[in-house]
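Peer 1: Please see the structure below; I have some questions.
The values are calculated or read from the model by the stated rules, or taken from the named source; none is laboratory data. Every value quoted in this text rests on a predicted model; they were computed, and no experiment measured them. As a convention, Cβ positions derive from the backbone with ideal geometry for all residues, glycine included, and neighbour counts pool all protein chains shown.
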Amino acid sequence: MIAIDNVLISDDIIEKQFLCNLEACKGACCYEGDLGAPVQKQEVPKLEEVYKLIKHTLPVESQKVVDEFGVAKHYKDLAGLGTQLVNGGPCVFMIKDELGIAKCAIEQAYYQGITDFKKPISCHLYPIRVTENTKQGFIALNYDNWEICDPACKAGKKAKLPVYKFLKEAIIRRFGQDFYETLDVYATDQYQKV
């Protein structure tokens, strides 16, 4: 484990390799599991705003859930907010492309220039999970090892792409350019295999 300022970073984020392989997993992280994607409280108004712009692109079931219950809810197991799910399954923001691959409707709208909000930061940072301990004053970054991402791990090994490099844009979005550069220098110095 390393520390940059008040952020503790698991060695796995430097040592493990990762490269999303949507053709293999079909975007399973959008519909597997029993919790919504973690959402920061300050992201909720942005999700509500984007929902109005993309509502027509979402399945009717997703629209019904959001219209009745909102874009997010509190999950005890997350100890915080997460996106709503449709019948305990897919995220309400999930759509499928012509190949049946799950995609984030928010992210698709971002790529189309409809919004400047790419997606919840927890989704952008995945497979890194962020735990914030406000009482102790630190943040922990851990690698979430989920079997649905085995194809991504294999693709990452083939590409020799460490998790933190795969997630460069997301790490910079959440923690800033200086943080990423410090992490990269440390990883390069300490792990010559990276």
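Peer 1: Which condition does residue 25 not pass, out of (1) hydrophobic (A, V, I, L, M, F, W, C); (2) surrounded by fewer than 18 Cβ atoms within 10 Å (Cβ to Cβ); (3) in contact with a Pro (Cβ under 6 Å, 6 or more places away or on another chain), if it passes all the others?
Peer 2: So the condition that residue 25 fails would be (2).
Peer 1: Where in region 93-193 are there helices (runs of 4 or more DSSP H), lying fully within it, with 1 or more residues that are touching a Phe, Trp or Tyr at 6+ places or on another chain (Cβ under 7 Å) and not polar (S, T, N, Q)? First the steps, then the outcome.
Peer 2: Working: elements: 105-111, 121-125, 150-159, 163-166, 168-175, 177-190.
It comes to 105-111, 150-159, 163-166, 168-175, 177-190.
Peer 1: So which pairs qualify, if the first residue must be in region 37-63 and modelled with pLDDT under 95, the second must be surrounded by fewer than 12 Cβ atoms within 10 Å (Cβ to Cβ) and acidic (Asp, Glu), the Cβ gap must be under 7 Å, and the two must be at least 6 apart or on different chains?
Peer 2: Once the first residue is modelled with pLDDT under 95 and sits in region 37-63, no partner that is surrounded by fewer than 12 Cβ atoms within 10 Å (Cβ to Cβ) and acidic (Asp, Glu) comes close enough.
Peer 1: Just a yes or no: is a residue in region 27-38 under 17 Å from the mean Cα position of the chain (by Cα) and farther than 19 Å from residue 149 by Cβ?
Peer 2: no
Peer 1: Hey, residue 65 hits all of (1) part of a loop (DSSP other than H, G, I, E, B); (2) in contact with a strand residue (DSSP E or B) (Cβ under 8 Å, 6 or more places away or on another chain) but one; which does it fall short on?
Peer 2: Going through the list (1) part of a loop (DSSP other than H, G, I, E, B); (2) in contact with a strand residue (DSSP E or B) (Cβ under 8 Å, 6 or more places away or on another chain), residue 65 breaks only (1).
Peer 1: Any idea which of (1) within 24 Å of residue 171 (Cβ to Cβ); (2) surrounded by 14 or more Cβ atoms within 10 Å (Cβ to Cβ); (3) of a type in the set (Phe, Trp, Tyr) is the one residue 75 doesn't satisfy?
Peer 2: Only one criterion in (1) within 24 Å of residue 171 (Cβ to Cβ); (2) surrounded by 14 or more Cβ atoms within 10 Å (Cβ to Cβ); (3) of a type in the set (Phe, Trp, Tyr) is unmet by residue 75, namely (1).
Peer 1: Here are the criteria: (1) crowded, with 17+ Cβ neighbours inside 10 Å; (2) in contact (Cβ under 8 Å) with a residue 24 or more places away in the chain; (3) over 16 Å from the mean Cα position of the chain (by Cα); (4) over 19 Å from residue 32 (Cβ atoms). Tell me which single one residue 155 does not satisfy.
Peer 2: That leaves (4) as the condition not met.
Peer 1: Among the numbered criteria (1) surrounded by fewer than 16 Cβ atoms within 10 Å (Cβ to Cβ); (2) among the charged types (D, E, K, R); (3) part of a helix (DSSP H, G or I), which single criterion is violated by residue 46?
Peer 2: Answer for residue 46: the failing condition is (1).
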